[in-house]
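Contents: one structure, followed by commentary.
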Amino acid sequence: MLTEKIHIRLASINNCMSRRDASMNRLTSLGVGGCAELLMIPETKEALGEILGLSREHTLPVVFLGRGFNSLVLDGGVEGIVIALWKMRSITENDDGTLYIGAGLSHSAVTHFCITNGLSGLEFTCGIPGTAGGWIAMNAGIPESEVGSLLISADLVTPDGPIAMSAEDLCFHYRGVAGLPADSAIVGGTFGIEKTDPERVNSSVRKFLAQRSRTQPLNQPSCGSVFKNPPGNSAGRLIEEAGLKGARRGRALISTKHANFIVTEKGATSGDVVALIDLARNRVFETTGILLTTEVRILGVPDSSSNEER
């Protein structure tokens, strides 16, 4: 719990909005989950640094939020501070043939900028939901390409101030980053791109989007891929072969279009989603001996009135 004194100190930070008991079900793509004890939206790196400094001083838990994709918030809510990086939205084509993207910029905004300016290399990210900061933090990608392979460097904010790290030092791996310093936030990244004809970029984007539309439930609330793909295998295929396409718990179900997606209906709870995650993990392990690990971030605490487990 945050004390009133700490609340007052955090609320006094300049260039930063704060909101107590913010409903996370409105801020995440699944539309489920409890409240954040305190939501903070810094507009500058300096404000972000102050938040991180105070959180370190008082040993407060911190969670970073983009647009709430790849995140499942439990019904008991999130203790401590949720920092939304929505204001870090700059994007700049540099003279040296690189592209700087702020952490809060949406996937659609990145795609639009690249098409308009004829910048090739990031087409595969079109339709990967969320923001550029989330892409970097989870090394988002498709089987053929990952964000980490195009990143040159990332800008971070720590409790001690801003720093830059090379992609090599960040140590990217499948759906993650091993070298990210503790208590740090990614606020942007510089990517290698190729200048080309805008129509060529647009054509490539259309192909990727058409493929996603054919294979993923883009018109329903989801968190994207629930599980990481096991080495040499596909989580979606394993779940489908276990007979779980269309399986339902409450107001959530395993998509009939792609078995590694869980979609929600109005009235769903995070407990419904967690029950399906457990069902898929257990059934696949029983039938194949393969233990699936989650790609989605599970945040917060269970509702004490339910049997929901993390």
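The values are calculated or read from the model by the stated rules, or taken from the named source; none is laboratory data. Predicted model only: the values in this text are computed from it and were never measured. Because the Cβ atoms are built from the backbone with ideal geometry, glycine has one as well, and the counts that use them run over all protein chains shown. Note: areas computed on protein heavy atoms with side chains; ligands, DNA, RNA excluded. Shrake-Rupley method; radii C 1.70, N 1.55, O 1.52, S 1.80 Å.
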- Note on the structure: Taking segment 231-276 and keeping only residues that are acidic (Asp, Glu) and open to solvent by less than 60 Å² (accessible area, probe 1.4 Å), one is left with 272
- Inside segment 62-97, can you point out the residues that are surrounded by fewer than 19 Cβ atoms within 10 Å (Cβ to Cβ) and over 25 Å from residue 140 (Cα atoms)? 79, 80, 95
- Query: Among 188, 121, 224, 192, which is the only one that is modelled with pLDDT under 95 and of a type outside the set (Asp, Glu)?
  - Reply: 224
- Restricting segment 1-54 to residues that are farther than 19 Å from residue 88 by Cβ and of a type in the set (Ser, Thr, Tyr), which is least open to solvent (accessible area, probe 1.4 Å)? 29
- Task: Hand me the list of strands (runs of 3 or more DSSP E) wholly inside segment 137-230 holding 1 or more residues that are surrounded by 13 or more Cβ atoms within 10 Å (Cβ to Cβ) and in contact with a His (Cβ under 8 Å, 6 or more places away or on another chain).
- Result: none
- Name the pairs whose Cβ atoms lie under 9 Å apart, with the first residue in segment 237-256 and under 18 Å from residue 271 (Cβ atoms), the second part of a loop (DSSP other than H, G, I, E, B) and open to solvent by 80 Å² or more (accessible area, probe 1.4 Å), and 6 or more positions between them or separate chains? 251/266
- Within the group 49, 68, which residue is under 21 Å from residue 262 (Cα atoms) and outside any strand (DSSP E or B)? 68
- Message: When you check residue 59 against the structure, is it part of a loop (DSSP other than H, G, I, E, B), surrounded by fewer than 23 Cβ atoms within 10 Å (Cβ to Cβ) and without any contact (Cβ under 8 Å) to a residue 40 or more places away in the chain, yes or no?
- Response: yes
- Within segment 201-258, tally of residues that are out of contact with any strand residue (DSSP E or B) (no Cβ under 9 Å at 6 or more places or on another chain) and hydrophobic (A, V, I, L, M, F, W, C): 5
- Among the residues of segment 277-296, how many are open to solvent by 60 Å² or more (accessible area, probe 1.4 Å) and not in a loop (DSSP other than H, G, I, E, B)? 6
